[in-house]
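First the structure, in the form of structure tokens, and then the observations on it.
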Amino acid sequence: MATETGPRVGGDGAFASVGLGGGRRLRRGAAGVAAFLLVWHAVSLTQDPFVLPSPIAVGEAFASELASGDMIAALSQSVRHWIPGTAVGTGLGVAAGVAFAWSRVLDDLTAPLVRTLRPVPPLALIGFAIAWFGINDAGAAFIIAVGAFWINFYAAYGAVEGVSEDLLDVGRTLGVRGDLDAVRSIVLPASMPGIMTGIRTGLGRCWMLVVASEIFGVPGVGREIIRASNNLRVDRAIAYILVLSLMFLLVDVAFRAVERRVLAWRA
Amino acid sequence: MAGVNDDGSAGDDGTAGGPGAPRSPAAASVALDGVGKTYDADGDGDPVRALDDVSFSVADGEFVCLVGPSGCGKTTLFRVVAGLTEATDGRVLLDGTEVTAPTTDMGVVFQEYHLFPWLTVEENVGFGLERSDRSAAERDRRVDEMLDLVGLAEFRDAYPKSLSGGMKQRVAIARALAVDPDLLLMDEPFGAVDAQTREMLQRELLDVWASTGKTVLFVTHDVAEAVTLADRVVVMAAEPGRVREVVDVDVERPRERGDAAFAEYVGRVRELIGAHP
């Protein structure tokens, strides 16, 4: 079980060090950001604002978009795509991943379909989003859901495949009978670390997909980024990109807290 | 009990079948009747005969150890008795009923503990009880009893990750005993702990056995461990895995390793394992 969640171990180590050498880590982080802003500013002095605006211009754009209420409006529209898209895609992805990895019959039945559909990028499905849902919140949510689905499908599938046969044997000797009981009492908890990693990856990926999901005209943060870029208002574009980053950060920190509780049993 | 002597056809002086023989098979808690297992019997590749005509029985309340050289099919036999692997021939009877699938009438303990890492000690012990028809209060009482029995009451809320190997195996034993099985079936349960812990666990297991009166079938590769624990030692031979001889250990408990009789039994079983037919 340790192997399937390998990538998380490093993350945990980094997180733990926040607790230990937290002050030093924060100071270094702040220094890194300051150095980056300085270099950015220096370079921006030699460029036109539509190529690279200065960080100060971006800050001003951010403040004015926030003050006008446009930013909050765009964000609340995007949240209406992100939440249902992420929730539905994650739920279906985890359910399908667990079911197909557990059931040989389902796996055999779906393997060709899965391999055909898997490489299709969510962006390529915009035509279907419009045809099936229209240029609206549901259409945008659909694009996000497709992205969330595959990440969670493969994470859950891999996690369930890695569940130890020995634990299932132990369960059987202790009275576990039938697929439902085995999945509920052993397979799901045993694969939870892998499933959680998938959900967390998906949450971040879905913020990226907000831009793609609004490319066909649905209003939101993504739409604002595209529009500002088209108008050569790079400062506004970057201000809205920062909104996505902040939302990702917020959700990620919150999810990490949930994950630590759910996986308290792990080392 | 005919099976006991089947393989001792050379007429070893053995005590095989001694006190075990008068017991009628019907009273036996476990009876193996001509159990055989062939892997890859479907023909693509050479089929391997892992077990051949294994017959012996374990009486109600008896402590029997199964020893043999590596590759003699001990673990396969353990899995067949547990109902986890299907035998190709013969059958296993638990109190007269054929075992075809895992049953909660058997408490099974594996070498690598296999605790559920997401459950606390208490929840691990209660896992099987959750599936019984006992009331919640009864289940709690039973878990308390089991934790006391293995001396882990103060660790009830700990997760397995924070336990030592010996403690994990105590939890596994408590978990197996919680549902009050007729038989405790153990596969090299003390193979993964250090020598000191192992001796302590052996003493504890004998105490548990004495206080619960369970029938125990205990698989090990450690001859001294078998002679320390068992009423009878079933010695297996390899290729194919079969019963070579059944040795009665006629030494009062607690048994001392320095004892002349103890050493004699160990020597005898070692000789049986080492000897080739």
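Observations, loosely collected:
- The alpha carbon centroids of the stretch A:223-267 and the stretch A:82-152 are separated by 22 Å.
- Given charges at Cβ of Lys, Arg, Asp, Glu: chain A dipole, positive-most of A:P121, A:S64, A:V183: A:S64
- Its Cα gyration tensor gives the stretch B:168-255 an equivalent ellipsoid. The semi-axes, each the square root of 5 times an eigenvalue, are 21, 15, 15 Å from largest down.
- Between B:G90, B:G128, B:G258, the residue with the greatest mean-square fluctuation in the GNM of chain B (Cα pairs under 10 Å linked by springs) is B:G258.
- Close amide-amide hydrogen proximity is noted between B:F218 and B:V64, B:C65, B:L66, B:M186, each under 5 Å apart and 5 or more residues distant or on a separate chain (H modeled in the peptide plane; Pro and chain starts excluded).
- Beta bridges from DSSP with both residues in the stretch B:163-267: antiparallel share about 55 percent, rounded to the nearest 5.
- GNM flexibility winner over chain B from B:V64, B:V99, B:V109 (Cα, springs under 10 Å): B:V99
- Value of D in µm² per second that Stokes-Einstein yields for the stretch B:108-180, Kirkwood Rh from Cα pairs, at 37 °C (0.692 mPa s): 278
- Between the stretch B:142-158 and the stretch A:45-77, the alpha-carbon centres lie 62 Å apart.
- Zero-based 10 Å bins, Cα pair distances in chain A, whole percents: 7, 23, 27, 25, 13, 5, 1, 0
- Cβ-based charge dipole, the protein assembly as shown, positive-most Cα from B:T228, A:G85, B:V30: A:G85
- Take every DSSP beta bridge whose two residues both sit in the protein assembly as shown; close to 55 percent of them are antiparallel.
- Between the stretch B:208-277 and the stretch A:172-195, the Cα center-to-center distance that results, in Å: 37
- Derived scalar couplings between HN and Hα for the stretch B:226-242 equal 4, 6, 5, 9, 8, 6, 9, 10, 8, 9, 9, 10, 9, 6, x, x, 8 Hz in order, rounded to whole Hz, by the Karplus curve 6.51 cos²θ - 1.76 cosθ + 1.60 (θ = phi - 60°), x for Gly and Pro.
- Using θ = phi - 60° in the Karplus curve 6.51 cos²θ - 1.76 cosθ + 1.60, the 3J(HN,Hα) couplings for the stretch A:89-100 round to x, 5, x, 5, x, 5, 4, 5, x, 5, 5, 6 Hz; x is entered for Gly and Pro.
- Peptide B:125-131 is shielded by partner chain Cβ atoms: per residue, an average of 4 of them sit within 10 Å of its Cβ.
- C-alpha long axis of helix A:104-117 to longest principal axis of chain A, angle in °: 20
- Among beta bridges from DSSP that stay inside chain B, the antiparallel ones total about 55%.
- Across peptide B:96-103, the average count of Cβ atoms from other chains found within 10 Å of a residue's Cβ is 2.
- Highest-fluctuation residue, A:S164, A:S245, A:S68 considered, GNM on chain A with Cα pairs under 10 Å: A:S68
- Dipole magnitude (debye, nearest 20) for the protein assembly as shown, charges at Cβ of Lys, Arg, Asp, Glu: 3220
- Karplus (6.51, -1.76, 1.60) ³J(HN,Hα), θ = phi - 60°, over the stretch A:31-48, in Hz, Gly and Pro reported as x: 5, x, 5, 4, 5, 4, 4, 4, 4, 4, 4, 4, 5, 5, 5, 8, 10, 5
- Partner shielding of A:162-173 amounts to 6, given as the average count of beta-carbon atoms from other chains within 10 Å of each residue beta-carbon.
- The packing ranking, built from the mean of other Cβ atoms within 10 Å per residue, places the peptides B:203-209, B:226-232 in the order B:226-232, B:203-209, highest first.
- Residues in the stretch B:100-130 that a label on A:L168 would reach, taking backbone N under 15 Å of a point 7 Å out along Cα→Cβ: B:102
- Highest mean first, the peptides B:241-250, B:169-178 sorted by other C-beta atoms within 10 Å per residue fall in the order B:169-178, B:241-250.
Bear in mind that the values in this text are calculations on the coordinates, not laboratory data. Every value quoted in this text rests on a predicted model; they were computed, and no experiment measured them. No Cβ is skipped: glycine too gets one built from the backbone with ideal geometry, and neighbour counts run over all protein chains shown.
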